[in-house]
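First comes the structure, then the notes that go with it.
The values are calculated or read from the model by the stated rules, or taken from the named source; none is laboratory data. Predicted model only: the values in this text are computed from it and were never measured. Counting neighbours? That spans all protein chains shown, and the Cβs are built from the backbone with ideal geometry, glycine included.
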Amino acid sequence: MTDVVIDFGSEPLLGKVARVDTNRVTIVGSDAALVTRVSVGDLVAVQGALSTEYLIGIVDRVIRDTEERLSLDQEDDEEDFAQALTAERDLLRLVLVGTYRTVEGSAHNTFKRGADSFPKLDRSCFLIEGGNLQLLMSTLSAGVPMEERLILGSFVADSTASAIADGNRLFQRHGALLGSTGSGKSWTVALILERASKLRFPNLIVFDLHGEYAPLTDEAGGFAQSFRVAGPGDLAAPGPDVLFLPHWLLNHEEMLAMLLDRSDNNAPNQAARFLTHVRTLKGATLTTTGHSEVATTFTVDSPIPYSMDDLLDALRADDTERVPGATSKDVGGTYYGKLTRFVQRLEAKRLDRRYGFMFEAPAGSMQYDWLPTLLGRLLGSENGQRGIKIIDFSEVPSDVLPVVVGVLGRLVFDLQFWMAPDARTPISLVCDEAHLYMPVRDSADAVATRGVEVFERIAKEGRKYGVSLLIVSQRPADVSRTVLSQCNNFIVLRLTNDQDQSVVQHLMPESMGGLTAILPLLDVGEALVLGDAVVLPTRIQVDPPQIKPDSATRQFWTEWAATEAPSAAIALGVEAMRRQSRSST
Ligand SMILES: Nc1ncnc2c1ncn2[C@@H]1O[C@H](COP(=O)(O)OP(=O)(O)O)[C@@H](O)[C@H]1O
Ligand SMILES: [Mg+2]
């Protein structure tokens, strides 16, 4: 490492420490011109206990306050009087974030998180800029080991220095990528994927809600494997990239959330019969396929194929059962007429082609050995298989979305949970538009609630099993707080909505809250990065990815000037709406 160290000897004094709270320091500025150059997010060095030690703080407030210095023995001179009234005082508030030492033992230029001591009153403070800033930034980067480096972009304060995050820490304990629409979230996701694609065995699954990441897939010359959840148009002849999630993958809670009407008097009977029959049918599958060792320990939620026809037959039999009565006449059995509504709901769902991915999976998916193949395609990276998987949900209707995403998330988590610990490969789920399927609880219906629970569980326990989440959302205020509060790293792009800003503010360590003031001011692709993956909270410019996602930003004005709306295409659109599929085959 270079022996050049930060030198404030020739720098103008910014001010002196005037007040010290736990980790906040207030400085009274001594150079009015210099203070006007300072903005929220800038770095300031406060002289520490030794001449070689500086405490590093981030400016979270700049105030020019007018002091009234009217004293009784004031000369009765009009001009002096006016001047005294407008005496100004510049106050800068800092959040202390680290300690920099020019020399520490035999090392030069060291930086560590946290302030090692409290600054004393009257200590000198300097703005860190120019060459000193570059030195500090390269010191920060030097702290992340080479093989863990994830280059996100450059520092806004010093565009020559790379902004480096610790790739291990970013994924270890969940991250959140937040920002208003158009602020650059999808580009940032694409950049992170691109960086990950350079590793030999990356393992990420992207939930792509709008088909935005299609350019990143193999088909488009990219680096990711693409999948698509079966839409109504895929049922007849599904291609190899089409995903089915047959009904038997759902656990009983997911199934009942979809089928049971809790306000029905017979709901408890319906749930009980459903459980009994599913368990029996799964047991029968184990017997006929020769898996008797599983039969001794499986539960109703074990993912074992069973036939929906058989389930419906069993439920209908209950519903219509007649038994000999006390007199010679037959009477209704225990469940006679009590399951009618449940059976009807199940039949209706089954006929609804939007649920085709669940109820119309090809025959092969009823095989016992089908599940390892599915999960192998999603999680494996053997035989040159791509480690980055993009699942396109763009044709999945919004009311089923939480079930599909939730089931996929749960399958991944359950698999990691049950796998031998030393065989697990860490996997990250990139959850784009997360507010759509992990909403705050009070706005979720029964089905969405199940989905939220899955992600809350992953947020709380995933780390132990090598499952992490990268939550991407434009509406952090609408995302489950339990999930967000488990995130340890934040990449926050421009955020304009007050409610969202306040949520982000509450998620940050208390002392950092003031930094959210810059969020509405960030430029496109600019982000505030904080958390344990970066040594210092910093404002960075995210590098544009090489392969851009297809954000489909339309040039309204230009297009209105040049392109007419074709009525033939409108007619085709109507047909697609009827078919519930965009592909015309
Ligand atoms: N890092 C960046 N550098 C430069 N321009 C960017 C960057 N990120 C985004 N943009 C611009 O902003 C537009 C919207 O970005 P996008 O990632 O789709 O936003 P979001 O997903 O947050 O809605 C992009 O089409 C691009 O023109
Ligand atoms: Mg986007």
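Numbers at a glance
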{"item": "Selected residue (only one of Asp500, Asp550 is part of a helix (DSSP H, G or I), at negative phi, within 16 Å of ligand 2 (Cβ to nearest atom) and in contact with a helix residue (DSSP H, G or I) (Cβ under 6 Å, 6 or more places away or on another chain))", "result": "Asp500"}
{"item": "The stretch 99-118 - residue that is at pLDDT 90 or above and under 23 Å from Gly514 (Cα atoms) and, of those, nearest to the chain's Cα centre (by Cα)", "result": "Thr99"}
{"item": "Where a residue in the stretch 454-465 is in contact (Cβ under 8 Å) with a residue 12 or more places away in the chain and assigned by TED's automatic domain parsing to the domain that holds Ala434 and its partner, wherever it lies, is aliphatic (A, V, I, L, M) and in a helix (DSSP H, G or I), with Cβ under 7 Å and at least six apart", "result": "Phe455/Val483; Glu456/Val483; Ala459/Val483"}
{"item": "The one condition in (1) within 16 Å of ligand 2 (Cβ to nearest atom); (2) without any contact (Cβ under 8 Å) to a residue 24 or more places away in the chain that Pro566 fails to fulfil", "result": "(1)"}
{"item": "Filter result for Leu191 (modelled with pLDDT of 95 or more, out of contact with any helix residue (DSSP H, G or I) (no Cβ under 9 Å at 6 or more places or on another chain) and either within 30 Å of Gln367 (Cα to Cα) or crowded, with 19+ Cβ neighbours inside 10 Å (or both))", "result": "yes"}
{"item": "Counted residues, the stretch 447-483 - those being in a strand (DSSP E or B) and either within 16 Å of ligand 2 (Cβ to nearest atom) or out of contact with any Ser or Thr (no Cβ under 9 Å at 6 or more places or on another chain) (or both)", "result": "5"}
{"item": "In the stretch 304-321, the residues that are in a loop (DSSP other than H, G, I, E, B) and either at pLDDT below 95 or out of contact with any Lys or Arg (no Cβ under 9 Å at 6 or more places or on another chain) (or both)", "result": "Ser307, Glu321"}
{"item": "Answer from Leu204, Leu191 - the residue that is in contact (Cβ under 8 Å) with a residue 60 or more places away in the chain and away from ligand 1 (no atom under 14 Å from the Cβ)", "result": "Leu204"}
{"item": "Subset of the stretch 352-381 that is over 27 Å from the mean Cα position of the chain (by Cα) and not in a helix (DSSP H, G or I) - its residue that is farthest from Phe417 (Cα to Cα)", "result": "Asp352"}
{"item": "Qualifying residue in the stretch 439-446 (condition: in a loop (DSSP other than H, G, I, E, B), of a type in the set (D, E, K, R) and within 16 Å of ligand 2 (Cβ to nearest atom))", "result": "no"}
{"item": "Count - residues of the stretch 505-547 that are within 16 Å of ligand 1 (Cβ to nearest atom) and either under 17 Å from Ser159 (Cβ atoms) or in a loop (DSSP other than H, G, I, E, B) (or both)", "result": "18"}
{"item": "Only one of Glu79, Glu88, Glu147 that is at pLDDT below 85, away from ligand 1 (no atom under 16 Å from the Cβ), loosely packed, with under 13 Cβ neighbours inside 10 Å and over 29 Å from Thr36 (Cα atoms)", "result": "Glu147"}
{"item": "Residues within the stretch 178-229 that are more than 25 Å from Gln541 (Cβ to Cβ) and of a type in the set (S, T, N, Q), tallied", "result": "4"}
{"item": "Candidates Arg200, Arg169, Arg173 - the one that is over 15 Å from the mean Cα position of the chain (by Cα) and among the basic types (Lys, Arg)", "result": "Arg200"}
{"item": "Candidates Asp21, Asp3, Asp7 - the one that is assigned by TED's automatic domain parsing to the domain that holds Gln134, at pLDDT below 90 and not polar (S, T, N, Q)", "result": "Asp21"}
{"item": "Single residue of the stretch 159-182 satisfying the filter (surrounded by fewer than 24 Cβ atoms within 10 Å (Cβ to Cβ) and within 11 Å of ligand 1 (Cβ to nearest atom)) that is modelled with the highest pLDDT", "result": "Ser180"}
{"item": "Residue that is nearest to ligand 2 (Cβ to nearest atom), among those in the stretch 174-191 that are in contact with a Cys (Cβ under 7 Å, 6 or more places away or on another chain) and assigned to a strand (DSSP E or B)", "result": "Ala176"}
{"item": "Any pair with Cβ under 9 angstrom, 6 or more apart, that starts in the stretch 322-343 at a residue that is part of a strand (DSSP E or B) and ends at one that is exposed (fewer than 11 other Cβ atoms within 10 Å of the Cβ)", "result": "Val323/Thr334; Asp330/Val323; Asp330/Pro324; Val331/Val323; Val331/Pro324; Val331/Gly325; Gly332/Val323"}
{"item": "Subset of the stretch 119-133 [hydrophobic (A, V, I, L, M, F, W, C) and more than 35 Å from the chain's Cα centre (by Cα)]", "result": "Leu121, Cys125, Phe126"}
{"item": "Test for Leu375: is it under 23 Å from Asp218 (Cβ atoms) and surrounded by fewer than 19 Cβ atoms within 10 Å (Cβ to Cβ)", "result": "yes"}
{"item": "Single unsatisfied condition, Glu194 versus (1) more than 10 Å from ligand 2 (Cβ to nearest atom); (2) in a loop (DSSP other than H, G, I, E, B)", "result": "(2)"}
